[in-house]
1. Length gain on complete extension for the stretch Tyr240 to Ile556, per 0.36 nm per residue less the alpha carbon to alpha carbon distance?
2. Express in % the proportion of alpha carbon pairs of region 498-637 at distances exceeding 24 Å.
3. Quote the FRET efficiency, to the nearest 0.05, computed for Asn704 versus Asn34 with a Förster distance R0 of 51 Å and r equal to the Cβ-Cβ distance.
4. Once you have the Cα-Cα distance between Asp639 and Leu802, take 0.36 nm times their residue separation minus that, and quote the gain in nm to one decimal.
5. Taking the full set of protein chains and a 1.4 angstrom probe, give the accessible area of Lys190 in square angstrom, rounded to the nearest 10.
6. Over what distance in Å are the Cα centres of region 792-810 and region 608-626 separated?
7. Can you tell me which lysines have their Cα less than 28 Å from the Cα of Lys367? Leave out same-chain residues fewer than eight positions away.
8. For the peptides 303-316, 683-696, what is the packing order when you average, over each peptide's residues, the other Cβ atoms within 10 Å and list the highest mean first?
Amino acid sequence: MRQFLIVILWISSLSNLFAQSGLDYYLPADSRYNPAIPTPESVIGFKTGEYHLTYDKLIRYLEALDQASDRISIVRIGETYEKQPLIQLIITSPDNQQNLDKLRRNHLAVLNPGTQYNMKGKDPLVVWLGYSIHGNEPSGANAVPVVAYYLAGCENENIVQMLDQTVILLDPCLNPDGLNRFASLVNTRKSQINNSDPNSFEFQEPWPGGRTNHYWFDLNRDWLLLQHPETRALVAQFHYWKPNVVTDHHEMGSNSTFFFQPGVPARSNPLVPPGNFALTQKIGTYHAKALDQIGSLYFTEETFDDFYFGKGSSYPDINGSIGILFEQASSRGHLRQTANGPLTFPFTIRNQVTVSLSTLAAATDLKKELQYYMADFYKTALTEGENSSIKGYIFGDNQDPYKSRMMLDLLLQHQIRVANLDKPIEINGSLFEPSSAWFVPSGQIQYRLIRSLFEPVTKFADSTFYDVSAWTLPMAMGIQFEPIDLKNIAKISGKNIVQTLPEVTGQVIGTENQVGYLIPCDPYLVHKSLYQILNQGIHVKIAISPFLMDFGQKRIRFQPGTLLIPAQNQPISGPDLFYILTKLVNTDGLSMYSAPTGYSPDGPDLGSRKFSDLTLPKILTFSGAGNSGITGEIWHLLDTRFIIPLTIADISKYSSINLDSYTTIILTGSYDLDEPALDKLREWVRKGGTLIGIESGCIFLSRNGFAKLTSIEKVAEDKASSPEIRPYGKRNEDAAGRSIPGTIFLAELDTTHPMAYGYHSGKLAIFKKSSSFYKPCQDVYENPAVFSSNPLLSGYVNKTNLALLKSSSAIQRQSLGNGKVILFLDDPLFRGYWAGMHKLFLNSLFWGKI
């Protein structure tokens, strides 16, 4: 009987927790509200925290507020892959709403060091509140209706004054696609009586979960890389306003409490002035006071850092704002038992509401300091840039202008000033030509951001990183670049600033003929055109040896990898074939040569067996348990850039799949396959299939006998630098120092290998984030990429790992029967922007068996 009463009391206490989820649970007491402003429940149909909001319900309520309040306006800033609108609420006083553009221009004028503007503190501060960029961290987005209601309806004098002094940009959800995926899951698994047992299926997210966007990318790593429409829209709106303060609302493990910045002091990026940390600390005192008042535990200056500038709380820091990360312990559903007791969804929402309001209170009180800090940030950045010994950076690729254009596009989106070149320039043996190369001057207000994108870094104050330690952009893109010092600045004659992206243009040399057409495989988009050609049944060959062709008075050497489309014996007639090829070449920025003869004065003739037939690739990969996010990177690359179909099958359906329907299978993880299932895959490879492993997929293939990887064993570290006896408190720090957090290394590329066709340099930058090392392939001819003997380009690595990495394998290919097993030991598609390795991956899909 006593146990029964305890259970009843426990259930009753949990019920009371949820009963407190009316608006008074979330908002300050003694607040007066405009009765014309609708409450969230009156529009959405349930109390805040009772269910998880889907994005459509969230938008419905915010649109109702827009109709009811003259403090609110809504702007549409973009849309997601799934066509969800990305909106932003602008919340300020009615008078300010009538003068938003003037206020914005005045705000931006303060930030321009070349403009004489007297900052008197009359213009409003700009504060950006951003919620739930991770879809399965929903307390932020679910706090939005409460915050917006309060700001729209509260008539307390302090709120009226704050709105007069502040323009609030409220992003209700930075990842609508992920939020909907997660909300649908937990709502459909919700019981009438909330079950807090962590074993409940309510808390078991199926792969890939709701954290990511449509293509399974973490959008909170993309603010710098801009690979997705969500972050491109956010960054465009960020620079349209340049807010003084930006909040970034997240969740963390359920057994934690609440975190607010600043993070670990030693792990701040040195490009950010110290004043940023000091102001973040000041703002933090407001969060501490507000959370103390509601009895919520918290921590600060631990665990998290702002080193990598691609996150929502760190990108603002390198752009003169104060970025603030919030991390709330996640209920992951509606009620969850944790180490700190029962954690309700309403409780997590209340903490997010509380720090949203404390941010606004701090911003109001610190308005002058925040405004002066931002103005000084840009002023000192300009001065540093003008006084720097590095006067700028030149970048480009005359073999692949499209890839250079991609980098130019990214720089322009970050409001970086870029100059056109007037004439070809040679720097340190590298030739940079107009229309495929550009100059980025140091003397501009985005100087610090430029340094973060171009400057390799190998020395660090700390060996622990929350995210990556390097992201040098031209290395990632595989684009030649050089710093320009005082000695070389006179060579730069280009003064015209780039205003718009140049058009993508191809070139066709010659006219329709009876022999065939030659397309070099250097350009980035060549595989996009190639798939379209093959998909129309057109016969294509690829050169596996170099050859010369005479074009009148001009002789051209074509490299291995050149595509040959014979004019004869095609399913499409001569004029139509020429038209199709010309259109593709011009659209994708390729070059096509109309071969005047099949004879080569040096090298194989066009009818030689040294031209191999190509077939249309049919590609299979898997979703479900055991896979990694690399699957999403493959999907995104093929679907959005190269328009190549990819079959993504759930691994649980593997036994029913006819593998013979596919030419290529890609494995990105480790799978629970029994021996008959493995035999089925082995037989498919032996019959001629191409099997590709990436990262842990390589380990899976080696462990199951598809390929042989020989690990390079670690040896004991030098005792002087790593004593046998270490303080217990150093264990986590030491473990982090032994890892590779995300570092850029130099590999030697065998440009004669079919996988490297289209590359002209034997140098390749590879991003590595694992501390596993393997010997090169025993077949000495099957090592397309091996790390160099002096491999560190940018980022952190300790001496032991650096020694192990030297001359180790990066990419290798092995034979199994008539098929090939290709091993990418590190991710060639990292975060979508590592374009320097895309061609290697695509080559493996189209001619991985050559």
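1. On the way: separation 316, 0.36 × 316 = 113.76 nm, distance 4.84 nm.
Result for the pair: 108.9 nm of gain on full extension.
2. The share of Cα pairs beyond 24 Å in region 498-637 comes to 37 percent.
3. Taking R0 as 51 Å, the efficiency between Asn704 and Asn34 is 0.15.
4. Details: separation 163, 0.36 × 163 = 58.68 nm, distance 3.63 nm.
Answer, rounded to one decimal: 55.0 nm.
5. Probe radius 1.4 Å; accessible area of Lys190 about 50 Å².
6. 32
7. Lys102, Lys120, Lys122, Lys242, Lys282, Lys289, Lys311, Lys379
8. Top of the packing list down: 303-316, 683-696.
The values are calculated or read from the model by the stated rules, or taken from the named source; none is laboratory data. These figures come from a predicted structure and were not determined experimentally. Backbone-built Cβ (ideal geometry, glycine too); neighbour counts: all protein chains shown. All accessible areas refer to the heavy atoms of the entire protein, side chains included, with ligands and DNA or RNA removed. Shrake-Rupley method; radii C 1.70, N 1.55, O 1.52, S 1.80 Å.
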